[in-house]
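Novice: Dropping the structure in here first, questions after.
The values are calculated or read from the model by the stated rules, or taken from the named source; none is laboratory data. Keep in mind it's a predicted model, so treat the numbers as computed, not measured. Methodologically, a virtual Cβ is constructed for each residue, glycine included, from the backbone with ideal geometry; neighbour enumeration extends over all protein chains shown. Note: areas computed on protein heavy atoms with side chains; ligands, DNA, RNA excluded. Shrake-Rupley method; radii C 1.70, N 1.55, O 1.52, S 1.80 Å.
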Amino acid sequence: MRVLLVEDEERLAGLLRGGLAGEGFAVDVAHNGQEGLWMATENRYDAIVLDVMLPLLNGYAVCRRLREDGNWTPIMMLTAKDGEYDEAEALDTGADDFLSKPFSYVVLLARLRALIRRGGRERPVVLTAGDLAVDPAGLRCRRGETEIALTPKEFAVLHALARRVGEVVSKAELLEQAWDFAYDGDPSIVEVYISALRRKIDAPFGRASLVTVRGAGYRLDGAC
């Protein structure tokens with residue numbers, strides 16, 4: 001098994017490299033984000049162990065760029081931070097797993113082996129509705145060749161609609177998918193985001209693809 005280790009702490013990198021080599025892994029080491037990104041792009045690896053706090057390019061940026069380029073090698077992120085927002089950001093950028101420092105080497109080894117057994121994921125399919133494209137992997141949206149900047153929540157609402165092009169999606173379903181099933185705020189928040197999406201994906205292009213079905217919900221029309 002060939003593993004790329006991207007870690008700027010040379011002592012830790014040396015210990016991990018020696019430990020993994022002793023377990024039969026072939027380990028390449030990079031000490032900054034730019035070098036790690038280049039090595040991950042130029043070589044095939046069974047897994048990548050990627051520190052978050054790196055010089056030149058941080059781990060989040062490295063992970064995001066690899067995923068945007070269609071590289072779905074399993075990635076485990078290492079972070080010195082310990083909190084739900086850091087964990088969420090690691091997963092949102094495309095990481096498959098994470099460990100907070102200090103960590104147990106035995107746990108890292110077990111989780112790394114589990115990642116390799118599962119193998120790399122396939123890039124999620126880009127969803128389309130006419131010339132509107134919604135890319136779940138890159139969290140990007142475009143109309144024709146024009147990129148459309150969306151907030152994370154706007155993207156979540158559009159993604160929920162794009163998964164069911166031509167079908168009516170109820171407000172309750174959008175709340176569950178773009179917020180969560182336990183959301184107890186004002187349901188009219190959905191209307192706010194629908195209006196924002198219309199201003200971005202329809203109005204500038206003279207389209208009316210986002211349709212309100214009175215009393216039922218909303219539909220993304222692929223013919224518009």
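Novice: Within the chain, how many Lys pairs that are eight or more residues apart, or on different chains, come under 24 Å at the alpha-carbon? Display every interim value, and only then the final one.
Specialist: Numbers: K81/K101; K153/K171; K153/K200; K171/K200.
Close lysine pairs under the 24 Å cut-off: 4.
Novice: Given a Förster radius of 35 Å and the C-beta distance between A21 and E68 as r, what FRET efficiency does 1/(1 + (r/R0)^6) yield to the nearest 0.05? Kindly include the intermediate steps, with their values, before the conclusion.
Specialist: On the way: r = 31 Å, r/R0 = 0.89.
Calculated transfer efficiency: 0.65.
Novice: Just the number, please: carbon plus sulfur as a percent of the accessible area of the range 123-224, 1.4 Å probe, no ligands or DNA/RNA counted. List each step's numbers first, then the result.
Specialist: Values: 2830 of 5440 Å².
About 52 percent, which is the carbon plus sulfur part of the accessible surface.
Novice: Not counting the cut sites, what is the longest span of the chain without GluC sites (Glu not before Pro) that DSSP labels loop and that have at most 14 other Cβ atoms within 10 Å? If you can, show how the numbers build up before the last one.
Specialist: Working: sites that count: E23, E122, E145, E167.
Answer - 24-121.
Novice: Can you give the angle from 0 to 90° between the axis of helix 10-22 and the longest principal axis of the chain, with both taken from C-alpha atoms, to the nearest 10?
Specialist: 80
Novice: Over the chain, how many percent of alpha carbon pairs lie in each 10 Å bin up to the one with the longest distance?
Specialist: Each 10 Å bin holds this share of Cα pairs: 7, 29, 26, 19, 14, 4, 0.
Novice: With each label point set 7 Å from Cα along the Cα-Cβ vector, what nm distance links A156 and K101?
Specialist: Computed distance between label sites A156 and K101 equals 3.0 nm.
Novice: Given R₀ = 25 Å, what would the calculated FRET efficiency be for R163 paired with R44, taking r from the Cβ atoms and rounding to 0.05?
Specialist: Working: r = 31 Å, r/R0 = 1.26.
Result of the calculation: an efficiency of 0.20.
Novice: Of all the stretches in the chain, which is the longest one without any exposed loop site, taking trypsin sites (Lys or Arg not before Pro) in a DSSP loop (any state but H, G, I, E, B) with at most 12 other Cβ atoms within 10 Å? Intermediate results must be reported in sequence, preceding the final value.
Specialist: Working: sites that count: R44, R214.
Looking at the chain, 45-213 is the longest stretch - no exposed trypsin sites (Lys or Arg not before Pro) with at most 12 other Cβ atoms within 10 Å.
Novice: Still on this model: Considering the zone a paramagnetic label at E9 would reach in this model (a point 7 Å from Cα along the Cα-to-Cβ line), which residues of the range 31-55 have amide N under 13 Å from it?
Specialist: Only 51-54 fall inside the zone, counting backbone N under 13 Å.
Novice: Per residue, what accessible area does the chain have, given a 1.4 Å probe and all protein chains present, in Å²?
Specialist: Details: 11640 Å² over 224 residues.
That works out to 52 Å² for each residue.
Novice: First measure r as the distance between the Cβ atoms of E173 and L109, then evaluate 1/(1 + (r/R0)^6) with R0 = 45 Å and state the FRET efficiency to the nearest 0.05. Numbers along the way, then the final one.
Specialist: On the way: r = 41 Å, r/R0 = 0.92.
Efficiency for this residue pair is about 0.60.
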